[in-house]
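Just below is one structure, and these are the notes that go with it.
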Amino acid sequence: GDTWIVEELDLEKGVVRIKPFAADYYTQAMQDSELNVLSLLQAHQHDWGRKHLGRVKVITKVTGFKKIRFGNMENLGLEDLDLPARELDTVAWWISLSQAVVDSIRQKGLWNSDPNNYGPQWKHLSATIRERDGYRCVSCGAKENGKAWDVHHKVPFRKFSSAQAANDPANLVTLCPRCHYQAEQRVRIQSGIAGLAYLIHNLAPFFVMSDPSDLGLHFEPESPLADGDPVIALYDMVPGGIGLSKKLYEIQDRVLKAALDQVTDCPCESGCPACVGPVAEMGEGAKVHARAILEEML
């Protein structure tokens, strides 16, 4: 199809001006989301956790967009946006994993959704690195503007067996938030929860005969929706809901079984668009971790 670029966006008047634009990439929105439960309609306890159906308020804010090259899914860069938050009252289906399941996967060495513990001296060490780098981003040269820049591990922290080795000053650099995000996208280890969420979100439309854009996705490794347990939620993108999430709640086992079959049968090594997400876009894949979670659930 044809590609277009937005020249002007007037939210107050509801006017968007676009023009034809020849490009070898498409854009993908980056957004923060928050999901609050208004009322719980149904819930069921499983050995691995709980499934829920409820009325929710979803608050989303677009913070920017990525430029993704057609074909190989290469990330060509990021652009910042400052748009107002949007609210949607709808119906959601969400699943939460019990701490017992998380512990079981962790004991196998397959849980990688925990936040990193950089050690007790991290605050002092990060201040030292920022001073060493002149309080500037080593990538773009931007100087701190009242807020401390981030300190980034060039080789990911999770690749090391000890914090001491990971926190060698030679492995640390100062980056502004924008450059830090770009660096993390290139090297971050995708969490099993993120991979599983991607997989379920892509499979679900086939079960409810909908377009992928009819279902929104929200996931958190530590969610207040489940007292800090991991959560994956799909919600109807229509105010009040149109029955998609309710159907998914009812046929949950079929969806999860299809997800396990897909991640098991997919011939890729560590992730691709057909299973837990493209490695080129998401970083090092979470295929083995997503599969381990599904095996615990089924």
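The values are calculated or read from the model by the stated rules, or taken from the named source; none is laboratory data. These numbers come from a predicted model, not from an experiment. No Cβ is skipped: glycine too gets one built from the backbone with ideal geometry, and neighbour counts run over all protein chains shown.
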Odd one out for Ile68, checked against (1) aliphatic (A, V, I, L, M); (2) exposed (fewer than 12 other Cβ atoms within 10 Å of the Cβ); (3) in contact (Cβ under 8 Å) with a residue 40 or more places away in the chain: (2)
Positions within segment 1-33 being under 26 Å from the mean Cα position of the chain (by Cα) and in contact (Cβ under 8 Å) with a residue 60 or more places away in the chain, in sequence order: Ser33
Of all residues making up segment 216-242, the number that are loosely packed, with under 14 Cβ neighbours inside 10 Å and either among the polar types (S, T, N, Q) or without any contact (Cβ under 8 Å) to a residue 40 or more places away in the chain (or both): 3
Near pairs, Cβ below 6 angstrom, 6+ apart or cross-chain, from segment 258-273 (part of a helix (DSSP H, G or I)) to any residue that is β-branched (Val, Ile, Thr): Ala259/Ile200
Gly192 vs. criteria at positive phi and either in contact with a helix residue (DSSP H, G or I) (Cβ under 9 Å, 6 or more places away or on another chain) or crowded, with 17+ Cβ neighbours inside 10 Å (or both): no
Residue within segment 187-197 that is more than 18 Å from the chain's Cα centre (by Cα), outside any helix (DSSP H, G or I) and not aromatic (Phe, Trp, Tyr) present: no
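Can you find even one residue in segment 47-56 that is at pLDDT below 90 and part of a strand (DSSP E or B)?
no
Surrounded by 20 or more Cβ atoms within 10 Å (Cβ to Cβ) and farther than 30 Å from Asn72 by Cβ: is that true of Leu256 in this structure?
yes
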From Leu248, Leu256, Leu244, residue being at pLDDT 95 or above and in contact with a Ser or Thr (Cβ under 8 Å, 6 or more places away or on another chain): Leu244
Selected residue (only one of Ala92, Ala85 is within 21 Å of the chain's Cα centre (by Cα), surrounded by 14 or more Cβ atoms within 10 Å (Cβ to Cβ), assigned by TED's automatic domain parsing to the domain that holds Ile242 and of a type in the set (Gly, Ala, Ser)): Ala92
Residue that is hydroxyl-bearing (Ser, Thr, Tyr), loosely packed, with under 15 Cβ neighbours inside 10 Å and not assigned by TED's automatic domain parsing to the domain that holds Cys272, where the choices are Ser213, Ser139, Ser162: Ser162
Residues satisfying the stated conditions in segment 247-257, i.e. in a helix (DSSP H, G or I) and in contact (Cβ under 8 Å) with a residue 24 or more places away in the chain: Lys247, Leu248, Tyr249, Gln252, Asp253, Arg254, Val255, Leu256, Lys257
